[in-house]
1. Among the residues that make up region 231-250, is at least one of them open to solvent by 30 Å² or more (accessible area, probe 1.4 Å), touching a Ser or Thr at 6+ places or on another chain (Cβ under 8 Å) and assigned to a helix (DSSP H, G or I)?
2. Could you grab me the full set of residues in region 1-58 that are of a type in the set (Phe, Trp, Tyr), out of contact with any helix residue (DSSP H, G or I) (no Cβ under 8 Å at 6 or more places or on another chain) and open to solvent by 30 Å² or more (accessible area, probe 1.4 Å)?
3. So which residues in region 232-276 are farther than 18 Å from residue 190 by Cα and of a type in the set (Val, Ile, Thr)?
4. One residue is enough: does region 16-38 have a residue meeting the conditions under 30 Å from residue 341 (Cβ atoms), touching an Asp or Glu at 6+ places or on another chain (Cβ under 8 Å), in a strand (DSSP E or B) and touching a residue at least 24 places away in the same chain (Cβ under 8 Å)?
5. Within the set of pairs 6+ apart or on separate chains, which have a first residue in region 50-66 that is at positive phi, a second that is assigned to a loop (DSSP other than H, G, I, E, B) and at pLDDT 95 or above, and C-beta atoms under 6 Å apart?
6. Inspect all residues belonging to region 57-72 and state whether any of them is among the aromatic types (Phe, Trp, Tyr) and not in a helix (DSSP H, G or I).
7. Does residue 284 satisfy the criteria of being within 30 Å of residue 218 (Cα to Cα) and in contact with a Phe, Trp or Tyr (Cβ under 7 Å, 6 or more places away or on another chain)?
8. Looking at (1) out of contact with any Phe, Trp or Tyr (no Cβ under 7 Å at 6 or more places or on another chain); (2) modelled with pLDDT of 95 or more; (3) among the acidic types (Asp, Glu), find the lone condition where residue 245 falls short.
Amino acid sequence: MDGRTEFRFNPAEVETPSYVIDEGLLKKNLEVLASIKEQTGCRILLALKCFAMFSTFPMLAEKLDGVCASSPHEARLGREEFGREVHTFAAGYSEKDIRELCETSDHIVFNSFAQLDKFRTLVKSLAAGQKREIEIAVRINPEHSEGATPIYDPCSPGSRLGIRRAHFDPDNLEGVTGLHWHNLCEQDADCLERTIETVEANFADILPRMCYVNFGGGHHITKPGYDLNLLVKLVTTFKKKWNVEVYLEPGEAVALNSGYLVSTVLDVVQADMPIVIMDSAVPCHMPDVIEMPYRPHIAGSGEAGEKAWTCRIGGPSCLAGDIAGEYSFDAPLQTGDTLVFTDMAIYSMVKTNTFNGIQLPSITLYKPKSDEIHTIRRFGYEDFKNRLS
C-alpha cells in the first residue's frame, strides 16, 4: 500500500484535526532499515527532530539502535522512552545543558573546538562520577552542498554548523572518538557518494584516528527508487577502508509516508476562486508547508485544473498565508467533508504550535491487522494555557 497517495483507515472514525500513524507502514519502513543494518553492520538512529511519537518507540527500538537528539529535552525523551543509545548534537551548549546531557546521553557531539575545550573535562568528570562512558565527537562541515533549499543546507555559505577543514585542529583530539557530518536533505545515495569523496579528500589524516563516523541524516532510504545497493556499497567500503563504525541518523526515512493529517471542511466561500476553510491550520499543524515551502498531497485530489473542480484550501487562523495550496477534485467539496493529507508523520507533530490558540491535532495510531484506530493523545485548553504565563 502506497501511503503517499492512499490510506486504509476510515476517516469518518477519526476526530479532527488528528494525526494518524499507520503502524503497518511504519513497520514497512523499519524492515528496509533493518535490511541495511544487516547487510552493512552499520548502526541506525532515529532523528527525534523529525519524528518523536514516543508511543511507537518500543516498536522502533526493536530495529533501530537508538536516537539522535538536538537538546537536553530530546535526549531525556530518548533515554526515558527509547532505552537505547542516545547521541546529542547542538550548535552550542551551556554548562547547564552539559550537566543534563551527561545524565541522558551516551555520545555528545561538539560543533567547535572552543566548546570541546570548555566542556571536555566536565563531561569526563561527570561520566566518571556515574561510572559510565560518554563518548565525545566533533562535527565537521564537509563544505559540500547537495541541498537545493538554502535554509536546509548545513554547508551553505556562512553556515554555523560544523568545523571547516581550515579551522580543524588535528592536535586537539584528546578523548575524541567520533566524527560527525550532516549535509543531506531528502536525497539519494549518489549525494552521499559525492559527500564521502569530499570528506575523504579533506580529512584523510583524521579518519584513521576515529572509532566511528556518523554520516548524519537526510538519507531518503525508504523512498521508492532510492538506490539501496549503492548505500550498502558506500557504507561497507567506508567501514573497511577506515576501520570505523558507521552511523546513519535518518528521521524522514523512519516515518516516511506512514502518517496522515485528517481535517474537516468547515466552510466553502467564493472569492477569486472557491476557498475551502478546514479545521487544520497550516502554520500550526504543518508549518513545513510554509517553511520549506511545499504543497502537501491530499488523497483523491489532483493538481489545479486537473479535475472538474478547483479550489484553494486554507485553515481557520488569522494568518493570510494559512494556505495549503490549490487542488482539484471530481466534485465540489462541501461542509463536513473530510480531507486526508498524506506524509504527515514527519516534521509535523514535532513542530506543532498553538498560534491563535488553535486546537492541537490529536495523535492517533491505526493498526491495520485489526483495523483499529486508537487515539493516543488529545489536546485541549490546558495545553495551550500551560505554555504561557
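1. yes
2. 7
3. Across region 232-276, the qualifying residues are 244, 254, 262, 264, 265, 268, 269, 275, 276.
4. Scanning region 16-38, I find no residue that is under 30 Å from residue 341 (Cβ atoms), touching an Asp or Glu at 6+ places or on another chain (Cβ under 8 Å), in a strand (DSSP E or B) and touching a residue at least 24 places away in the same chain (Cβ under 8 Å), so the answer is no.
5. Correct list of pairs: 66/84.
6. No: zero hits.
7. Judged against the criteria, residue 284 is a match.
8. (1)
The values are calculated or read from the model by the stated rules, or taken from the named source; none is laboratory data. Just so it is clear, the model here is predicted, and its values are computed rather than measured. Backbone-built Cβ (ideal geometry, glycine too); neighbour counts: all protein chains shown. For the accessible areas, the whole protein counts, side chains as well, though only heavy atoms, and no ligand, DNA or RNA atoms are used. Shrake-Rupley method; radii C 1.70, N 1.55, O 1.52, S 1.80 Å.
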